[in-house]
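Rule-based calculations on the coordinates, nothing more; no lab input. Given the structure is predicted, the values throughout are model-derived calculations rather than measurements. Here the Cβ positions follow ideal geometry from the backbone for every residue, glycine too, while neighbour counts run over all protein chains shown.
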Amino acid sequence: MVFNCFGWIWKKTRRWNLLTLILTAGSWFILGIWYGWGYCACTDWHWQVREHLGYFDQSVSYVHFLLLKLSGINFNPKLVDKVTVIVFFVSIAASLWLNGRDFIKAQKK
């Protein structure tokens, strides 16, 4: 998640960041057609592992869960979802723009 948010900053990680953002979008919006909007296979697997270990403290979203566990604050889940979507779209826009700029610069050389 941290890499998705900030991997576009460094030139060496931009292509990988764009790939992980595209995979995230595919999971959220394509797999989400069948499993529910925002579905993430990694999160689903994490919930299953936690249940197997005897933890049944799931939140409505993984980001909400992490914020609750790390800060102890029970943020409004709808607010968390909105901020998550905004950060995702800002990150993918930055990654697309910078990767595109890098590609154009490389073509001019």
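Which entries in the list K12/K108; K11/K105; K12/K105; K11/K82 go over 21 Å, if you measure between the two C-alpha atoms of each?
Too far apart for the 21 Å limit: K11/K82.
I'd like the orientation of helix 41-52 relative to the chain: the angle between its Cα long axis and the longest Cα principal axis, in ° from 0 to 90, rounded to 10.
Roughly 30 degrees, rounded to the nearest 10.
Pairing the Cα long axis of helix 14-26 with the longest principal axis of the chain, what angle in degrees results, from 0 to 90 and rounded to the nearest 10?
Between helix and principal axis, roughly 50 degrees.
Taking the convex hull of the Cα atoms, report for region 34-94 its projected area averaged over all directions, in nm².
That works out to 5.1 nm².
Å³ per residue of the Cα convex hull, for region 1-46?
62
Taking 0.36 nm per residue of sequence separation and subtracting the Cα-Cα distance, how much length would be gained by fully extending the chain between I104 and K69, in nm to one decimal?
That works out to 8.3 nm of additional length.
Measuring from label point to label point, each 7 Å out along Cα→Cβ, what is the V49 to R15 span in nm?
Result for the modelled spin labels: 2.9 nm.
Counting residues in the chain as N, plug N into 2.2 N^0.38 Å and put the Cα Rg over that result.
1.25
Which is farthest toward the positive dipole end of the chain among L21, S95, V60, measuring Cα position about the Cα centre, with Cβ charges +1 (Lys, Arg) and -1 (Asp, Glu)?
Going by the Cα projections, it comes out as S95.
Which semi-axes, in whole Å and largest first, does the equivalent ellipsoid of region 60-107 have when worked out from the alpha carbon gyration tensor as the square roots of 5 times its eigenvalues?
Gyration-tensor ellipsoid for region 60-107: 33, 10, 6 Å.
Let me know the charge dipole size of the chain about its Cα centre in debye, to the nearest 20, where only the beta-carbon of Lys, Arg (+1) and Asp, Glu (-1) is charged.
Roughly 840 debye, rounded to the nearest 20.
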